[in-house]
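Q: Please read through the structure below; I'll follow up with questions.
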Amino acid sequence: MASDAPGFAILGAGIYAKEGEPHPYLPAIAALPASPLLKAVYSRSEKSASDLATAAQTTLHLATPPAVYCDDADVNLGALLARSDIHAVIVALPITAQPDIILKALAAGKHVLSEKPIAPDVARAVELIRTYESEYKPKGLIWRVAENYEMAPVYRKAAQAIREGKIGEVLFFRARIVNYMDTESKWYKTAWRTVPDYQGGFLLDGGVHFAAALRVMLPSPLTHLSAFTSLTKSYLAPADTLHAIVRTASSKIQGLFELSFGAPSAECSTASNNGFTITGSKGWLVVGPGARLCVHTALGEEEVVEERTHGVEEELKSFFEAGQGKDDGMQAPRSTLRDLAFIQAALTSGGAVVDLEALAQMAWKEQKRSTRVIQILEYPKIENALCVGRWAPASDVPRCMYPVAAANSSRLAQAPALGESDSNAGDHGYTCVELSPVMHIATF
C-alpha cells in the first residue's frame, strides 16, 4: 500500500521550510523529478505544524496533508520518530536546538539532513561528528548538513573553471557580502534570531554560507585568518560586521573576507558589488548576485554563466539518493565543520592570527579527553587475571571523570597499581584511581 512506502518528515515549520524565495524547502522538493513522500511534519506548536502541513499539501500536490506532530499534543516528536515508515528527517530548527534533535533522530534509526551551521560552535560540532561516526555511521545511517552553497551549481562551475586552468594559478581572492537587515525583515523577526543564544548572531547564521562557497571554489583549504568584528546596529548584537585577512594551505593564495549585515540601506547593499572575485595568473573570475559567473582571461576573452538554482534542490536530491545507497559524499559533516571553524575563528580572533586546523584539532582532542569511552568486546581466555584502571587527571583524582581503555594486550599486561601515574596518558597526568577485572576492550 502507498501508505506503507518509505517516506520522510520535516522537523521545523519556520520560514525556511515553507515560504517563498530565496531558498524554501517545499518548492525545492516540488521541483525534484522524484522524491520520497512527505509523510509528517513537526513543530513545537500545533498551529505552526498544521500551517506547514497545509502548505505542503498544496505545494506538493498531496492527496492528504502530512501528519502533524507537535509538543502541544500526545503525538509529539517521539511518536513521529517511532514510525517505521519514516526513514529520513529534514531538521530545520533553531541553531542551538538542532544537535539534540539530530542525535534523537539518529538514535531512532533515521537518516538526517540538518540545516547549517552544523552546530552552534566547533566543540559541539566535533562531539556530534564523533558520536555519529562511532555509533550511527557504522549502522549505515546517513547524516548530512544542508549547506546549499556547497551544492549551488554556480560555485561548482567556478571551481571547475579553476581546475581547468582557465584563470591560471590562483593568486588571491576577495569575498564581499554587505547586507541590509532592518527590524521589519521576516528573518530578523524570527524570535531565535532577534535575541540569539549562539555566537555571532547573523554573522554565524549567514556567514557559514560564504565560507562554504570559498571552500568549494578555492583549490586549497583556508587555514589561517586574522579578523576584527564590530557592531554597527545595536539590534543586531552581538556583532554584525567582520573583516578578515585569510590564507590557504598554499601560502601563495591569500585573500580578504568582508561580511556585514549592517548596511545603512537596501540601496547600499545593492550597490556594494557583492560577490566573490578570484584572481589567477592568466585571468580572473567573478561570482556575483543572481548566481552569475563571469570568467575573464588576460587575452580579453569572457565567458558568462547564469544559474537559476541556489542549491537547495541539489542538496535534497543528493540526500535522498544517499539514503538509497547512492552517496556522493557531498555535505559531509566534517566538510561543514570547516565553515563553522572559519566563522568562529573570525568572531574570536580580535586581530590575532588563528590557525583553523589547530582550532578544530583542539576541539577533537578536548572532546576525546572528556569522553574516553570503552567498549566491551569479550572476556579474555587467560589464566592470570589482569587489571586495568579507571583514570582521572592527577589534580582531580577523587572525581574519576575519565574512564580509560587500553587498545591492545601489551598495554593490558602492564596494568597500573592504584595511585600509579600512567606514562602513556600524555602530559595531563592521569592517575589510576579504581581497579577492576579486565575484559578485552577497545577504544572508539
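The values are calculated or read from the model by the stated rules, or taken from the named source; none is laboratory data. On a predicted model such as this, the values are computed, not experimentally measured, just so you know. FYI the Cβ positions are ideal-geometry reconstructions off the backbone, even for glycines, and counts take in every protein chain you see.
Q: Please work out which one of (1) touching a strand residue (DSSP E or B) at 6+ places or on another chain (Cβ under 7 Å); (2) within 25 Å of T336 (Cα to Cα) is the condition T194 fails and give its number.
A: It is condition (1) that T194 fails.
Q: Among the numbered criteria (1) crowded, with 18+ Cβ neighbours inside 10 Å; (2) in a loop (DSSP other than H, G, I, E, B); (3) not hydroxyl-bearing (S, T, Y), which one does A346 miss?
A: For A346, the failing item is (2).
Q: Filter region 153-170 for residues that are assigned to a loop (DSSP other than H, G, I, E, B) and not basic (K, R) and give the result.
A: Restricting attention to region 153-170, the residues satisfying the condition of being assigned to a loop (DSSP other than H, G, I, E, B) are 164-169.
Result: E164, G165, I167, G168, E169.
Q: Moving to a separate point now. Any residue at all in region 194-203 that's at pLDDT 95 or above, assigned to a helix (DSSP H, G or I) and in the same structural domain as L359 (by TED's automatic domain parsing)?
A: Pass one, region 194-203, residues at pLDDT 95 or above: 203.
Filter once more, so that each one left must be assigned to a helix (DSSP H, G or I): 203.
Next, from what is left, pick out any that are in the same structural domain as L359 (by TED's automatic domain parsing): 203.
Yes; the residues of region 194-203 include at least one that is at pLDDT 95 or above, assigned to a helix (DSSP H, G or I) and in the same structural domain as L359 (by TED's automatic domain parsing).
Q: Okay, moving on. In this structure, does K110 turn out to be surrounded by fewer than 19 Cβ atoms within 10 Å (Cβ to Cβ) and of a type outside the set (V, I, T)? Working first, answer last.
A: Values: surrounded by fewer than 19 Cβ atoms within 10 Å (Cβ to Cβ): no; of a type outside the set (V, I, T): yes.
Answer is no for this residue.
Q: Just checking, does region 133-152 include any residue being surrounded by fewer than 18 Cβ atoms within 10 Å (Cβ to Cβ), in contact (Cβ under 8 Å) with a residue 40 or more places away in the chain and either in a helix (DSSP H, G or I) or out of contact with any Cys (no Cβ under 9 Å at 6 or more places or on another chain) (or both)?
A: Taking region 133-152 as the starting set, the residues that turn out to be surrounded by fewer than 18 Cβ atoms within 10 Å (Cβ to Cβ) are 133-135, 137-140.
Subset that is in contact (Cβ under 8 Å) with a residue 40 or more places away in the chain: 134.
Now narrow it down to the ones that are either in a helix (DSSP H, G or I) or out of contact with any Cys (no Cβ under 9 Å at 6 or more places or on another chain) (or both): 134.
The answer is yes, given that some residue of region 133-152 is surrounded by fewer than 18 Cβ atoms within 10 Å (Cβ to Cβ), in contact (Cβ under 8 Å) with a residue 40 or more places away in the chain and either in a helix (DSSP H, G or I) or out of contact with any Cys (no Cβ under 9 Å at 6 or more places or on another chain) (or both).
Q: Residues of region 39-72 being under 19 Å from A108 (Cβ atoms) and of a type in the set (G, A, S), which ones? Can you show your working first?
A: Here is the first cut: in region 39-72, the ones under 19 Å from A108 (Cβ atoms) are 39-44, 49, 66-71.
Scanning region 39-72 gives A40, S43, A49, A67.
Q: So if I check each of F173, F210, which one is part of a helix (DSSP H, G or I), under 19 Å from T248 (Cβ atoms), at pLDDT 95 or above and aromatic (F, W, Y)?
A: Numbers: F173 fails: part of a helix (DSSP H, G or I).
Going through F173, F210 in turn, the sole match is F210.
Q: List the pairs whose first member sits in region 316-335 and is over 22 Å from G7 (Cα atoms), whose second member is assigned to a loop (DSSP other than H, G, I, E, B), and whose Cβ atoms are under 7 Å apart, counting only residues at least 6 apart or on separate chains?
A: P333/I118
Q: Given the criterion surrounded by 21 or more Cβ atoms within 10 Å (Cβ to Cβ), in contact with a strand residue (DSSP E or B) (Cβ under 7 Å, 6 or more places away or on another chain) and of a type in the set (A, V, I, L, M, F, W, C), identify the matching residue among A291, A249, A239, A211. Lay out the reasoning, then the answer.
A: On the way: A291 fails: surrounded by 21 or more Cβ atoms within 10 Å (Cβ to Cβ); A249 fails: surrounded by 21 or more Cβ atoms within 10 Å (Cβ to Cβ); A211 fails: in contact with a strand residue (DSSP E or B) (Cβ under 7 Å, 6 or more places away or on another chain).
Going through A291, A249, A239, A211 in turn, the sole match is A239.
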